[in-house]
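First the structure, in the form of structure tokens, and then the observations on it.
The numbers here are math on the coordinates, done by the rules we state, and not lab data. Quantities reported herein were computed from a predicted structural model and do not represent experimental measurements. Please note: Cβ atoms are built from the backbone with ideal geometry, for glycine as well, and neighbour counts cover all protein chains shown.
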Amino acid sequence: MKTLDLQEIREKLDRIDREIVSLFEERMKVVGDVAEFKITTGKQVYDGKREQQKIEDVTGMVEDSFRKQAVRELFTQMMTISRRQQYRLLAEHGLTVKNDFQPVKSLPMDQVRVVYQGVEGAYTHEAALQYFGTAGEIYHVQSWEDVMKAVAEGEADYGVLPIENSSAGAVIDNYDLLIKYQNYIVAETFLTVNHALLGLPGASTENIKTVFSHPQALMQCSEYLNSNRQWKQISLENTAVAAKKVVEEGDLSQAAVASEIAGRIYGLKVLKSSINHNKNNTTRFIILSRNPVYREDAQKVSISFELPHKSGTLYNMLSNFIYNGVNMRMIESRPIPGRNWEYRFFVDIEGNLSDCAVQNALKGISEEGLNMRVLGNY
């Protein structure tokens, strides 16, 4: 039996690899011809049925089950790369994602009306003051949806909503509101959240039986609160509302989890400061407008799109970012009401709507996914 020589084997592999690269380049030239045809006819790049038929054809050329799967993965990748090239060529002909966004040098800030949910002393109130200062009139409404309505109907120029917290994660109800209303994210601000246990003057931790707060605040302070098992925890719509409730009911056995600022506003005593277990607890707030504008120096794009619950669909979407060199910052999913096992994804990426790479990635997602929306560039 002839002894195998590793160098000879490697030389054979090198020859085969050169042939593969040559054939790949030939294939990509033909893909360019396909793109030119689609530019001329207006045909979409993504053809799911054609790709599925191609996969079945090439996997049928091999017998071994391992190699069948390997061929499937290889051609799936090649077709993904082919689509990326077609999107790039379409973009060169001006066929990008259509949107109404307009770049501006800065956001209008003079004499604006700004709406937030809750009451004075709420963290969202602090976030509004942090971003807008004294530049406009800041007022509050009862619910997060009321904020979205006020912006959508023109009663307010901007709305402020919490969207995620470093300890408790996404504020999922507000993601749903981003879909329900045609408002746009134009900015964001980050607020360090430091919760305190607040009680009436004369109260002490030994008296407490009931603690009120927003559910996320209760979650962020769970280690401390759960160590007092005799305390009943009750969720309310807002931390400052909880503080106000304790004052209004005048019961020494009640306490609220809220900011020390809220405590000063409502005349409550700090029973225990800094009770959140994550001392770097930060909430990200988004600034919303009904106008689709973005600052020229914006560096983050938020989008949403829908996907059926099928193998590989999310990978196909995210590959649009990978092959265009676009960095993804965040991904969140929500079930689509009335459609079992189908999901809507929310993604934040780095970039600007004027960037070619971003436009190419969004073009791919708009064709391969369902109901893609650009939620904002900020």
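Counting Lys and Arg as +1 and Asp and Glu as -1, each charge on the Cβ, what is the dipole of the chain about the Cα centre in debye, to the nearest 20?
440 debye
Entry note, the stretch 298-378: relative contact order of 50 percent, from Cα contacts under 8 Å with a spacing of 6+ residues.
The charge dipole of the stretch 196-272, taken about its Cα centre with unit charges on the Cβ atoms of Lys, Arg (+1), Asp and Glu (-1) only, comes to about 80 debye. Note on the stretch 52-168: Cα-only Rg and Dmax are 25.7, 72 Å. Compared with the rule-of-thumb size 2.2 N^0.38 Å for a compact globular protein, the stretch 196-272 has a Cα radius of gyration ratio of 0.93. Each Lys and Arg Cβ is given +1 and each Asp and Glu Cβ -1; about its Cα centre, the stretch 285-329 then shows a dipole of about 100 debye. Which listed residue (A122, V21, N165) has the Cα farthest towards the positive end of the charge dipole for the chain, taking +1 on Lys and Arg C-beta and -1 on Asp and Glu C-beta about the Cα centre? Farthest towards the positive pole: V21.
Mean separation of Cα pairs under 8 Å and 6 or more residues apart, divided by the residue count, gives the stretch 241-378 a relative contact order of 29 percent. In the chain, the longest principal axis of the Cα atoms and the axis of helix 65-92 are about 80 degrees apart. Placing unit charges on each Cβ (+1 for Lys and Arg, -1 for Asp and Glu) gives the chain a dipole about its Cα centre, and among L268, F132, P337 the Cα reaching farthest toward its positive end belongs to P337. Taking Cβ atoms as reference points and 9 Å as the exclusive limit, the residues near K300 contribute a net charge of -2, counting Lys and Arg as +1 and Asp and Glu as -1. In the stretch 227-295, the C-alpha radius of gyration followed by the widest Cα-Cα span (Dmax) gives 16.1, 51 angstrom. Looking at the stretch 1-95, the pairs of alpha carbons with a distance over 15 Å make up 71% of the total.
Relative contact order for the stretch 196-272: 51 percent, from Cα pairs under 8 Å spaced at least 6 residues apart, divided by residue count. Values (1) 27.2; (2) 26.2; (3) 23.1 are given for comparison; mean projected area of the Cα convex hull in nm², derived from the coordinates here, is the one labelled (1). Remark: the stretch 124-129, residue by residue, has Karplus-estimated 3J(HN,Hα) of 5, 4, 4, 5, 4, 5 Hz, where x stands for each Gly or Pro and the curve is 6.51 cos²θ - 1.76 cosθ + 1.60 at θ = phi - 60°. Compute the acute angle (0 to 90°) between the alpha-carbon long axis of helix 356-368 and the principal axis of greatest extent of the alpha-carbon atoms of the chain; round to the nearest 10°. Relative to the chain, helix 356-368 is tipped by roughly 80 degrees. Helix 239-249: angle to the longest alpha-carbon principal axis of the chain, degrees 0 to 90, nearest 10? Its long axis makes an angle of about 20 degrees.
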